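Asker: Here it is, the structure, as structure tokens.
The values are calculated or read from the model by the stated rules, or taken from the named source; none is laboratory data. Keep in mind that this is a model prediction, so the values were computed, not measured. Methodologically, a virtual Cβ is constructed for each residue, glycine included, from the backbone with ideal geometry; neighbour enumeration extends over all protein chains shown. For the accessible areas, the whole protein counts, side chains as well, though only heavy atoms, and no ligand, DNA or RNA atoms are used. Shrake-Rupley method; radii C 1.70, N 1.55, O 1.52, S 1.80 Å.
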Amino acid sequence: MQYRRIKVKNNSTKVESSSGDSLLDELLALKNITLDSKIDEFLNPKKEDFISPYVFSDAKKAKERILESITKEEKILIWGDFDCDGVTSTTILYKTLKELNAQVLTFIPNRLNHGHGLNTKELVKFVSKEQIKLVITVDCATGDTSEVNLLKSLGVDTIITDHHTIDTEIPKAYAIINPQVKNAIKEDTPIEKITSLTYNCGAIIAYKLAVILLEEVDNEDLKDELLLIAAIGAIADVVPLVGENRSIVALGLQILNKKKEKSNKAIYKLLNKNLKDKEITSYDIGFILAPRINAVGRLADAQLSFEFLNTEDDTKLNFIIEKLDNYNKIRQSKCQETYDEILETIKNNKQEQNAPAIILINPDWHIGVIGIAAAKIVEEFNKSCFLMTVDDSNNARCSIRSNESINVYEILKENEDLFLGFGGHKLAGGCSFNLDNISFEEVKKALIKTILDKKEENNEDNILYCDIELESSNLDLSLLDTINKLEPLGQGNEPPLFCLFNAQLIEYKLIGKEQNHLRIVIQKDDKKFSCVKWNEKNFAIPPNSNCDIAFYPR
């Protein structure tokens, strides 16, 4: 483990309100939330905060085309994606169209066989065998111009719902609902709402279409269930939990905790198996539910995750949950193997240790786990990590994770001529290139050059910034009550990171069945605290040393 120097963020925001909790006021001020009206909106989200789906230019057009299809008894295909956001998006529209008595089919691509987005071969099969007349995409297809054109030539309309940013030509689909596409949002929409919409995940975009389709339907239980599923998609896709996103996630979690099994039997059953009637938080969705849904899409066929969200039969559900657990264990094992192998490679290679980023390739690595392994490498070495594997077409496929030192999307954009395709945002991304046309070494050299050129100014390496310094007297159960008021926590609304300076290390030992977690006991003043560092085996600080600790209270 590479230790970092701890600093406290410099917060000069003036607190103009008091919630009656000085620490809560300070935490809200760190998020630039200081006015009474903004504090109330943050702490008490309401459905009235949601942005109307009709701000999308094509919303009414999409609704009318879908209802026309239902009236004509045309077959509708929902084309999804294999991650949790894609599966939840597919489920939202599937449940909506079933409620409207539509003739609806679904297809979720296989990560290995089909890749992301529309697939010509599978589309032709559906059109010829099922006589599909309308395709609705979720969480994909904004860049699939040739596939949309093919469908149009076959007499099939396409409605695209998506949230990805695409630099290529936009397809001439029947309707596009994607806040990242130019002119997709009406011109008179306030800039604050436009900004909030650009943070939406695929499931929330699908939910917005569902809302207008169900306007005349009196089924509040279904509407609540769809809101819950959209919340899960948002947490899983790690979109910023700010603005509308946060309101949707907050209310979705309220529904799950209030209605329990009635909100969605499968979701509650899986979570309650692990939590035993404790209140379910965004953390539980992010670290218990979402990894299990994602694991199937990473390793096998995400259709199983779709079935999980859409079955009521207890026997079948128990069987699926057991399979999801098993896939997650396999994913964890594969990820750990890959991580250990990468760690060994780096530790035996001085050049990699001193490089501005870690860039490695191995055809034996599984495409479904290299992104997770890359995230762990970033945490270990505090530098960006590019991990690549090779598919059957000799294409290198790369997953990227980063810290704040570079903007991943900008690095890829600068080198787009090298790639078959690329995408991402500041902290994560992916790309692919054909090894018959360009070597790994050439790509690595180009990436490193760009990283050195683009490395953000004034970035201090090996610094960990904490939100607030606490004293030992501040560490009691009321601290947890204060943090819980910030829920739901996640990307963009991260849990506060606290620090204790000049604590004394009392002891440490390895714990867990595999002896792969670290338990540390520290003392500050007259209080002792037990700390856990997950998936950490090494600790180079001797007992009785003084140390600074950065931590999340649990």
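Asker: Scan (1) out of contact with any strand residue (DSSP E or B) (no Cβ under 8 Å at 6 or more places or on another chain); (2) more than 19 Å from PHE306 (Cα to Cα); (3) without any contact (Cβ under 8 Å) to a residue 60 or more places away in the chain for the single condition HIS114 breaks and write down its number.
Answerer: With (1) out of contact with any strand residue (DSSP E or B) (no Cβ under 8 Å at 6 or more places or on another chain); (2) more than 19 Å from PHE306 (Cα to Cα); (3) without any contact (Cβ under 8 Å) to a residue 60 or more places away in the chain applied to HIS114, the lone miss is (2).
Asker: Ok, one more. So which residues in segment 173-198 are at pLDDT 95 or above, more than 13 Å from TYR54 (Cβ to Cβ) and either in contact with a His (Cβ under 8 Å, 6 or more places away or on another chain) or of a type in the set (Lys, Arg) (or both)?
Answerer: ASN178, PRO179
Asker: Can you list residue pairs whose Cβ atoms sit under 6 Å apart, with the first residue in segment 237-254 being on the phi < 0 side of the Ramachandran plot and the second being aromatic (Phe, Trp, Tyr) and crowded, with 24+ Cβ neighbours inside 10 Å? Count only pairs 6 or more apart in sequence or on different chains.
Answerer: As it stands, the answer is none, since no pair meets every condition given.
Every residue, every condition in (1) open to solvent by 20 Å² or more (accessible area, probe 1.4 Å); (2) in a loop (DSSP other than H, G, I, E, B); (3) under 26 Å from TYR3 (Cα atoms), yes or no:
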| site | (1), (2), (3) |
| --- | --- |
| TYR465 | yes, no, yes |
| SER478 | yes, no, no |
| THR482 | no, no, no |
| LEU486 | no, yes, no |
| PRO495 | yes, yes, yes |
| CYS499 | no, no, yes |
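Asker: Residue check, GLY430 against (1) surrounded by fewer than 17 Cβ atoms within 10 Å (Cβ to Cβ); (2) in a strand (DSSP E or B), all met but one. Which one?
Answerer: So GLY430 meets the others, but not (1).
Asker: Out of all the residues in segment 156-210, which are of a type in the set (Asp, Glu), open to solvent by 10 Å² or more (accessible area, probe 1.4 Å) and either under 21 Å from the mean Cα position of the chain (by Cα) or within 21 Å of PRO240 (Cα to Cα) (or both)?
Answerer: Keep residues of segment 156-210 that are of a type in the set (Asp, Glu), which gives 157, 162, 167, 169, 187-188, 192.
After this cut, where a residue has to be open to solvent by 10 Å² or more (accessible area, probe 1.4 Å) as well, the list is 157, 167, 169, 187-188, 192.
Scanning segment 156-210 gives a single hit, GLU192.
Asker: Here are ILE506, ILE541, ILE520: which of them is open to solvent by less than 80 Å² (accessible area, probe 1.4 Å), farther than 30 Å from VAL249 by Cα and in contact with a Phe, Trp or Tyr (Cβ under 7 Å, 6 or more places away or on another chain)? First the steps, then the outcome.
Answerer: On the way: ILE506 fails: in contact with a Phe, Trp or Tyr (Cβ under 7 Å, 6 or more places away or on another chain); ILE541 fails: in contact with a Phe, Trp or Tyr (Cβ under 7 Å, 6 or more places away or on another chain).
When all the criteria are applied, what remains is ILE520.
Asker: Identify all residues within segment 354-388 that are in contact (Cβ under 8 Å) with a residue 12 or more places away in the chain and either at positive phi or in a helix (DSSP H, G or I) (or both); write none if there are none.
Answerer: ILE370, GLY371, ILE372, ALA373, ALA374, ALA375, LYS376, ILE377, VAL378, GLU380, PHE381, ASN382
Asker: Continuing with this model, one more query. Would you say ILE76 is in a helix (DSSP H, G or I) and farther than 30 Å from THR195 by Cβ?
Answerer: Details: in a helix (DSSP H, G or I): no; farther than 30 Å from THR195 by Cβ: yes.
No, not satisfied.
Asker: May I ask you to verify whether LYS445 is more than 32 Å from the chain's Cα centre (by Cα) and open to solvent by 70 Å² or more (accessible area, probe 1.4 Å)?
Answerer: In short, no.
Asker: Say we look at segment 244-263 and pick out the residues that are of a type outside the set (A, V, I, L, M, F, W, C) and crowded, with 24+ Cβ neighbours inside 10 Å; which of these is nearest to ILE70 (Cα to Cα)?
Answerer: Start the filter on segment 244-263 by keeping residues that are of a type outside the set (A, V, I, L, M, F, W, C), which leaves 244-247, 252, 254, 257-263.
Next, only the ones that are crowded, with 24+ Cβ neighbours inside 10 Å stay: 245-247, 252.
Values: ASN245: 30, ARG246: 33, SER247: 32, GLY252: 29 Å.
Restricting to residues being of a type outside the set (A, V, I, L, M, F, W, C) and crowded, with 24+ Cβ neighbours inside 10 Å, the top hit is GLY252.
Asker: Suppose we keep only residues that are open to solvent by less than 30 Å² (accessible area, probe 1.4 Å) and in a helix (DSSP H, G or I) within segment 389-420. Which one would you say is modelled with the lowest pLDDT?
Answerer: Among those residues, the one meeting the criterion is VAL408.
Asker: Report the residue count in segment 300-319 for those that are farther than 22 Å from HIS114 by Cβ and open to solvent by less than 30 Å² (accessible area, probe 1.4 Å).
Answerer: 2
Asker: Can you say whether LYS329 is part of a helix (DSSP H, G or I), open to solvent by 30 Å² or more (accessible area, probe 1.4 Å) and either free of Cβ contacts under 8 Å to residues at least 60 places away in the same chain or out of contact with any Lys or Arg (no Cβ under 9 Å at 6 or more places or on another chain) (or both), as far as the supplied structure shows? Walk me through how you get there before you give the answer.
Answerer: Working: part of a helix (DSSP H, G or I): yes; open to solvent by 30 Å² or more (accessible area, probe 1.4 Å): yes; either free of Cβ contacts under 8 Å to residues at least 60 places away in the same chain or out of contact with any Lys or Arg (no Cβ under 9 Å at 6 or more places or on another chain) (or both): yes.
For LYS329, the condition - part of a helix (DSSP H, G or I), open to solvent by 30 Å² or more (accessible area, probe 1.4 Å) and either free of Cβ contacts under 8 Å to residues at least 60 places away in the same chain or out of contact with any Lys or Arg (no Cβ under 9 Å at 6 or more places or on another chain) (or both) - is met.
Asker: What single numbered condition from (1) crowded, with 24+ Cβ neighbours inside 10 Å; (2) of a type in the set (S, T, N, Q); (3) in a loop (DSSP other than H, G, I, E, B) fails to hold for ASN110?
Answerer: (1)
Asker: Need at least 1 residues that are within 14 Å of the chain's Cα centre (by Cα) per element, so show me which helices (runs of 4 or more DSSP H) inside segment 213-315 make the cut, counting only ones lying wholly within it. Outline the logic, then answer.
Answerer: Working: elements: 220-236, 243-259, 265-275, 290-299, 303-309.
Correct list: 220-236, 243-259, 290-299.
Asker: Next up: Just one of (1) under 26 Å from GLU279 (Cβ atoms); (2) modelled with pLDDT under 90 trips up PRO488, so point out which.
Answerer: All conditions are met except number (2).
Asker: Name the pairs: first residue in segment 37-65 and more than 16 Å from ASN200 (Cβ to Cβ), second residue among the acidic types (Asp, Glu), Cβ to Cβ under 7 Å, at least 6 apart or on different chains?
Answerer: GLU41/ASP49; ARG65/ASP157
Asker: Going residue by residue through segment 48-63, is there one that turns out to be over 18 Å from LEU197 (Cβ atoms), at pLDDT 90 or above and either part of a helix (DSSP H, G or I) or under 29 Å from the mean Cα position of the chain (by Cα) (or both)? Walk me through it before giving the result.
Answerer: First pass over segment 48-63, keeping only residues over 18 Å from LEU197 (Cβ atoms): none.
No, segment 48-63 has no match at all.
Asker: Right, here's the next one. Of the conditions (1) over 19 Å from GLU68 (Cα atoms); (2) surrounded by fewer than 23 Cβ atoms within 10 Å (Cβ to Cβ); (3) small (Gly, Ala, Ser), ALA141 satisfies every one except a single condition; which number is it?
Answerer: For ALA141, the failing item is (2).
Asker: When the residues of segment 177-212 are narrowed to those that are part of a loop (DSSP other than H, G, I, E, B) and of a type in the set (Val, Ile, Thr), which ends up nearest to ILE248 (Cα to Cα)? Spell out the reasoning first.
Answerer: First pass over segment 177-212, keeping only residues part of a loop (DSSP other than H, G, I, E, B): 178-184, 186-190, 199-201.
Filter once more, keeping what is of a type in the set (Val, Ile, Thr): 181, 189.
Details: VAL181: 22, THR189: 20 Å.
Once the filter is applied, the top-ranked residue is THR189.
Asker: Suppose we keep only residues that are among the acidic types (Asp, Glu) and crowded, with 24+ Cβ neighbours inside 10 Å within segment 73-99. Which one would you say is nearest to ILE232 (Cα to Cα)?
Answerer: Within segment 73-99, the subset among the acidic types (Asp, Glu) is 73-74, 81, 83, 85, 99.
Going one step further and asking which of them are crowded, with 24+ Cβ neighbours inside 10 Å, we end up with 81, 83, 85.
On the way: ASP81: 15, ASP83: 12, ASP85: 8 Å.
The qualifying residue nearest to ILE232 (Cα to Cα) is ASP85.
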